[in-house]
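Only one structure is covered here, and it is reproduced in the block below.
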């Protein structure tokens, strides 16, 4: 693939290549999620908040904000009922998930502010909150470059993996390693052009593992409106939504198994 933007650099050169996926019975995508709507699956959106009043989002099952607090034992505090989207980014991600898996139980975990920036301690706390509250899928269209938090993010990513919580994380839109997108326990995602909403590809040269629709996508935004946007942020909820449908049809699959199914249904898997 050529002429890709920086955020799709994981798929530069010859493209994602061919890969051998699990021999799922019948037509793979139908086996994976055919007829599934996300019912019974709890999905957390760790972001700038989610506007439940937006027609593309609908009802939220819960909303919290995780805020840095040096006086708190863990360095952060959790504020219940904080549902406002301070930027629009989280609403965009929630809308994409809802479009693919309309019956998921959506939870908003706000860790970003009005400038779409946040503290690593709050981001880490948001992941921990999602694991402790039994989320099945966590959409993280953000990542941290703070190397001081490498070990803490690695630890909580492993906790999620073994607890049965699937973390789906955007790779960075700029050069350099970010966390937790680099970790093998996480489903890492980059944006690609010209893909259908329910299509993804597997990258044979990780750490970025999957590519999905994320360029020039119409997404929900503030005040009930929409914008057109590009970036790994918007590819990630496409994969999270498909993962929710897989879990809806096959309850009890572990993160390892869901990742294997995603690999099997990728457009470049034989």
Debye log10 I(q)/I(0) at q = 0.18 Å⁻¹ for the range 120-216, Cα point scatterers | -0.81
Where is the GNM fluctuation largest for the chain (alpha-carbon springs, 10 angstrom cutoff): 11, 162, 153?
-> 162
Pick from 120, 181, 172: which is most flexible by mean-square fluctuation in a GNM of the chain where alpha carbon atoms under 10 Å apart are linked?
-> 120
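Please work out the Kirkwood hydrodynamic radius for the range 76-115, using every pair of different C-alpha atoms, and report it in angstroms with one decimal place. Please list the in-between numbers first.
Numbers: mean 1/r = 0.0880 Å⁻¹.
Radius from the Kirkwood sum: 11.4 Å.
So for the chain, averaging the separation of alpha carbon pairs under 8 Å that are six or more residues apart and normalising by length, what relative contact order in percent results? Present the calculation step by step, with values, prior to reporting the outcome.
Details: 679 pairs, mean separation 70.4, N = 270.
Answer for the chain is 26 percent.
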Within 10 Å, count the other beta carbons around each residue, average over each peptide in 254-265, 137-148, 238-249, 42-53, and list them highest first.
-> 238-249, 42-53, 137-148, 254-265
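With r as the distance between the Cβ atoms of residue 228 and residue 72 and R0 = 45 Å, compute the FRET efficiency 1/(1 + (r/R0)^6) and round to 0.05. Walk me through the intermediate numbers first.
Working: r = 39 Å, r/R0 = 0.88.
So the FRET efficiency works out to roughly 0.70.
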Using every alpha carbon pair in the chain, what percent of pairs falls into each 5 Å bin from 0 up to the bin containing the largest distance?
-> 1, 7, 14, 19, 21, 18, 12, 6, 2, 1, 0, 0
Write down the percent of antiparallel bridges among all DSSP beta bridges whose residues are both part of the range 35-265, to the nearest 5.
-> 35
For residue 260 paired with residue 147, estimate the spin-label separation in nm (one decimal), with each label point 7 Å from Cα along the Cα-to-Cβ line.
-> 3.6
Folded to 0 to 90 degrees: helix 120-132 orientation relative to the chain principal axis, Cα | 70
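When a/c is below 1.5 the answer is rounded, else prolate if a/b is larger than b/c, else oblate, so apply that to the range 66-191 with a ≥ b ≥ c taken from the square roots of the Cα gyration tensor eigenvalues. Could you put the intermediate results ahead of the total?
Details: a/c = 1.23, a/b = 1.07, b/c = 1.14.
It is rounded, given that a/c, with a ≥ b ≥ c, falls under 1.5.
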Taking the Cβ-Cβ separation of residue 79 and residue 163 as r and a Förster radius of 30 Å, what is the calculated FRET efficiency to the nearest 0.05?
-> 0.80
In nm, spacing of pseudo-spin labels at residue 204 and residue 115 (7 Å Cα→C-beta vector) | 4.4
So what's the back-of-envelope 222 nm ellipticity for the chain, counting only DSSP H runs of four-plus at -39500 (n - 2.57) apiece and dividing by all residues, rounded to 500?
-> -8500 deg cm²/dmol
Residue 59-residue 133 pseudo-label distance in nm [points 7 Å out on the Cα-to-Cβ vector] = 1.7
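Taken together, the values in this text are just the output of simple stated rules run on the coordinates, not laboratory data. None of these values were measured; they are calculated from a predicted model. Cβ sites come from the backbone with ideal geometry, for glycine too, and all protein chains shown count toward neighbours.
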